[in-house]
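Quick notes on the structure that follows.
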Amino acid sequence: MSTSPSRVAVFGAGYVGLVTGACFAELGHSVVVRDVIPERIAALQRSEVPIYEPGLEELIARNGERLHFTGDVGEAIDGADFVYIAVGTPPTYSGDADLSAVWTVIDELPAIDRRCVVVMKSTVPVGTGLKVRHRLDERGLNLVGYASNPEFTAEGTAVKDFLHPDRIVVGAFKDEDGDAVARLHAGIEAPVVRSDVASAEMIKLAANAALMTRISFINEIANVCEATGADVVRVAEGIGLDRRIGPSFLRAGIGFGGSCFPKDSLALKQLAANSGYHFQLLNAVIEVNELQKRRVIGKLHSHLGSLRNKRVALLGLAFKPHTDDMREAPSLVLAGRLLAEGADVIAWDPVVDGHDLHGVEIADAPEAAALGADAVVIVTEWPQLADVDWAAVGGTMRTRVLIDGRNMLDPAPLRAAGFTVEGIGRAADPGIA
Ligand SMILES: NC(=O)c1ccc[n+]([C@@H]2O[C@H](COP(=O)([O-])OP(=O)(O)OC[C@H]3O[C@@H](n4cnc5c(N)ncnc54)[C@H](O)[C@@H]3O)[C@@H](O)[C@H]2O)c1
């Protein structure tokens with residue numbers, strides 16, 4: 001079954017499904033990606049990639065012979081050794097993961113009278129694999145194996161992350177299924193962590209929770225730095241060099257967003273609660289993050305007083321650089337709060353077309369966004385912002401206030417150019433009374 005190359009069906013042509021499909025094709029496998037959005041499939045068939053993910057377009061183009069797109073379940077499943085599920089699992093109103101797309105895939109599977117393995121790539125609550133196993137059995141799909149192979153790629157570096165991962169996690173009910181999924185990754189140099197299905201599901205949720213905890217931790221340290229006169233950038237450097245701690249995810253800022261962290265933290269919180277456990281630390285991590293996104297508003301108040309009719313430029317809309325993903329982006333909270341305060345909001349982003357952001361004016365360059373502004377806020381650390389001639393931009397602003405929500409710019413030259421600069425958790429601006 002899993003002799004290379006294999007036939008892989010991928011359900012879901014989103015960020016994860018497309019990267020998974022293209023990377024398996026790159027490894028030499030024959031891949032068919034299926035989605036329910038006809039326009040998305042039609043675009044992919046015309047070699048148009050519907051999402052922004054560095055390197056993905058080239059990878060898809062390079063592997064055109066082995067990579068196909070369809071809306072048809074039968075065509076995707078035909079001869080497949082592996083059926084990857086990479087559909088969305090967004091939060092429901094209660095915060096639990098919405099698994100309806102996952103169940104649709106399972107229920108849509110035709111009768112399969114040969115060995116193949118359904119592999120869960122979507123992030124799902126612990127216990128989902130067991131429920132899927134039961135559903136497959138109920139449907140008489142006893143020859144179909146099941147494995148959990150969670151995804152750890154980060155948007156913006158997903159192709160590199162997939163082909164050069166820190167580890168590959170495979171949880172299976174049967175060793176032969178786990179072996180097959182592990183062999184499917186032949187060509188990728190990485191440790192393979194084998195486990196039971198529930199543990200593989202938990203590894204994904206726990207990894208995200210650990211990263212979010214570090215972010216909220218450093219953000220709280222930043223807030224204490226602000227109150228006590230320390231500089232969180234130096235503090236993060238100083239603690240990050242401790243090998244027991246390490247430097248990653250110690251960058252203070254205006255909080256995490258994106259399609260994964262917020263929903264996965266809620267899903268883990270609810271999973272724990274549904275299982276009778278109150279996950280106190282995770283609750284605090286979530287709350288700290290919510291408050292962190294709003295701290296920028298307080299900073300703007302301290303420099304501008306009332307924000308009514310003040311013009312505020314938001315630089316960056318995507319939840320992080322190198323992606324066009326706006327799901328749970330801090331910019332949405334900021335824009336909403338600013339509009340509620342009566343501010344005029346103008347925004348720039350190099351890849352997000354923010355024209356559907358109600359009430360927000362969109363500029364085509366950072367300089368244009370800052371023109372006549374009372375303040376600019378760096379929301380997303382797009383590298384383009386490091387190349388802006390800030391001294392020149394300052395000359396076009398009504399008030400030279402810059403809130404660096406990502407601590408990406410060196411404040412000294414900005415202050416020399418007459419800006420009042422405030423980062424997150426950084427030593428107070430000498431210019432601030
Ligand atoms: N985005 C990431 O960086 C990332 C990283 C790790 C894990 N994940 C997880 O991977 C999963 C997918 O995330 P995403 O960001 O790719 O979502 P996405 O919303 O970008 O893509 C999901 C796709 O699935 C399609 N779909 C829905 N029902 C379908 C069906 N029955 N058959 C085929 N396709 C169907 C949708 O139309 C959509 O195109 C989620 O569980 C997410 O938590 C995402």
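Just so it is clear, none of the values below were taken in a lab; they were calculated from the coordinates. These figures come from a predicted structure and were not determined experimentally. Using ideal geometry, Cβ is built from the backbone for each residue, glycine included, and neighbour counts are taken over all protein chains shown.
Rounded to whole Å and sorted largest first, what semi-axes of the equivalent ellipsoid does the C-alpha gyration tensor of region 182-329 yield via the square root of 5 times each eigenvalue? Present the calculation step by step, with values, prior to reporting the outcome.
Numbers: eigenvalues 209, 73, 64 Å².
With the √(5λ) rule applied to region 182-329, the semi-axes are 32, 19, 18 Å.
Helix 128-138 against the longest principal axis of the chain: what's the angle in degrees, Cα atoms only, rounded to the nearest 10?
30 degrees
Please state the relative contact order of the chain as a whole percent: Cα pairs under 8 Å, 6+ residues apart?
On the way: 870 pairs, mean separation 52.1, N = 433.
After rounding, I find 12 percent.
Given C-alpha coordinates of region 45-139, what is the ratio Rg to Rh with the Kirkwood estimate of Rh? Show your work: numbers first, answer last.
Working: Rg = 15.6 Å, Rh = 15.5 Å.
Radius of gyration relative to Kirkwood radius: 1.00.
Considering only DSSP beta bridges with both partners in the chain, what is the antiparallel share in %, to the nearest 5? Could you put the intermediate results ahead of the total?
Details: 3 of 47 bridges.
Given both bridge residues lie in the chain, the antiparallel proportion sits at roughly 5 percent.
So for region 40-162, averaging the separation of alpha carbon pairs under 8 Å that are six or more residues apart and normalising by length, what relative contact order in percent results?
On the way: 140 pairs, mean separation 30.2, N = 123.
In percent, rounded to a whole number, it is 25.
Enter the angle in degrees (range 0 to 90, nearest 10) between the Cα long axis of helix 197-228 and the first principal axis of the Cα atoms of the chain, meaning the one along which they spread out most.
10 degrees
Inverting the mean 1/r over all pairs of different Cα atoms, compute the Kirkwood radius of the chain and quote it in Å. Before the final figure, lay out each step's value.
On the way: mean 1/r = 0.0430 Å⁻¹.
The answer is 23.3 Å.
What is the distance, in nm, between label points placed 7 Å from the Cα along the Cα-to-Cβ direction at Ala186 and at Ala273?
Rounded to a tenth, the inter-label distance reads 4.7 nm.
Got the relative contact order for region 288-433 handy, in percent, Cα pairs under 8 Å and 6 or more residues apart?
Values: 272 pairs, mean separation 31.5, N = 146.
It comes to 22 percent, rounded to a whole number.
Hey, if you put +1 on the Cβ of every Lys and Arg and -1 on every Asp and Glu Cβ in the chain, which of Asn309, Ile41, Ile188 ends up farthest toward the positive end of that dipole?
Asn309
Post the alpha-carbon centroid distance, region 34-95 to region 120-161, in whole angstrom.
Result: 16 Å between the Cα centres.
Could you work out the per residue convex hull volume over the alpha carbons of region 208-251, in cubic angstrom?
Numbers: hull volume 2.5 nm³, N = 44.
Taking the convex hull of the Cα positions in region 208-251, it is 56 Å³ per residue.
Applying the Karplus parametrisation 6.51 cos²θ - 1.76 cosθ + 1.60 with θ = phi - 60° to the phi angles of region 389-405, what ³J(HN,Hα) value in whole Hz is obtained for each residue in order, glycine and proline being reported as x?
For region 389-405, the Karplus curve yields 7, 5, 4, 5, 4, x, x, 9, 8, 6, 9, 8, 10, 10, 9, 8, x Hz.
Write down Rg/Rh for region 279-353, rounded to two decimals, with Rg from the C-alpha atoms and Rh from the Kirkwood relation over Cα pairs.
Values: Rg = 13.8 Å, Rh = 13.4 Å.
Dividing the radius of gyration by the Kirkwood radius yields 1.02.
Before rounding to the nearest 500, sum -39500 (n - 2.57) across all DSSP H runs of length at least 4 in the chain and divide by the residue total; then give [θ] at 222 nm in deg cm²/dmol. Let's see the in-between values first.
Working: 16 runs with 177 residues, N = 433.
Roughly -12500 deg cm²/dmol at 222 nm, from the helical runs in the chain.
Please determine, in degrees from 0 to 90 and to the nearest 10, the orientation of helix 15-26 with respect to the longest principal axis defined by the Cα atoms of the chain, where the helix direction is its Cα long axis.
It works out to around 60 degrees.
For region 325-428, what is the largest minus smallest coordinate of the Cα atoms on each principal axis, given in angstrom and ordered from greatest to least?
37, 27, 27
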